[in-house]
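This report concerns only the one structure given below.
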Amino acid sequence: MAEVKVTIAGRSYALHCRDGEEARLHQLSRMIADRVDKVKTSSPGLTEVRQFLFASLLLADDLSDAQAEAKFAREATPAPSAEDGATVQALESLAERLERIGQALIADAALPASAQALPAEGGQLLSADTVQALAADPPSP
């Protein structure tokens, strides 16, 4: 465990965190310190506990706003349309083709060079060179 020293509201605190998380802990501590400083400036005379309380409330308010925005963004995402169905079907077809090509390349690697060929649609055979050419530059739909 790593030890990190942070200063918030003029006080130093020794905190422990997992190795590698020191920078993140410093960043979070700076966020809290900034909020406490804003509270001190806007409302002088508050006790330290109240400064931390109001800083916590300000951070919770920001978090709540961010969560509401994220929820709105998720809900605002349009539902798939009929056009999306065609795209999904085309992508699935392409994925199946790529899977067949990949399987053929694996199978070709295990065969002697004279026997390397791949069954294509319609039962015809494609050579390994043809399969590689199709993988590099597939024909247009």
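The values are calculated or read from the model by the stated rules, or taken from the named source; none is laboratory data. As the structure is a computational prediction, the values presented were derived from the model and not from experiment. Because the Cβ atoms are built from the backbone with ideal geometry, glycine has one as well, and the counts that use them run over all protein chains shown.
Can you say whether residue 6 is surrounded by 11 or more Cβ atoms within 10 Å (Cβ to Cβ) and part of a helix (DSSP H, G or I), as far as the supplied structure shows?
no
Just to be sure, is residue 60 small (Gly, Ala, Ser), closer than 30 Å to residue 33 by Cβ and either assigned to a helix (DSSP H, G or I) or at pLDDT 80 or above (or both)?
yes
Going residue by residue through segment 44-62, is there one that turns out to be within 25 Å of the chain's Cα centre (by Cα) and surrounded by 11 or more Cβ atoms within 10 Å (Cβ to Cβ)?
yes
Could you grab the pairs with beta carbons closer than 8 Å, sequence gap of 6+ or different chains, first residue in segment 45-71 and free of Cβ contacts under 8 Å to residues at least 24 places away in the same chain, second one outside any helix (DSSP H, G or I)?
Between residues of segment 45-71 that are free of Cβ contacts under 8 Å to residues at least 24 places away in the same chain and residues that are outside any helix (DSSP H, G or I), the close pairs are 54/43; 54/46.
Within segment 12-57, can you find the residues that are under 29 Å from residue 1 (Cα atoms), out of contact with any Cys (no Cβ under 8 Å at 6 or more places or on another chain), among the aliphatic types (A, V, I, L, M) and assigned to a helix (DSSP H, G or I)?
Passing the criteria: 23, 28, 31, 32, 33, 36, 49, 53, 55.
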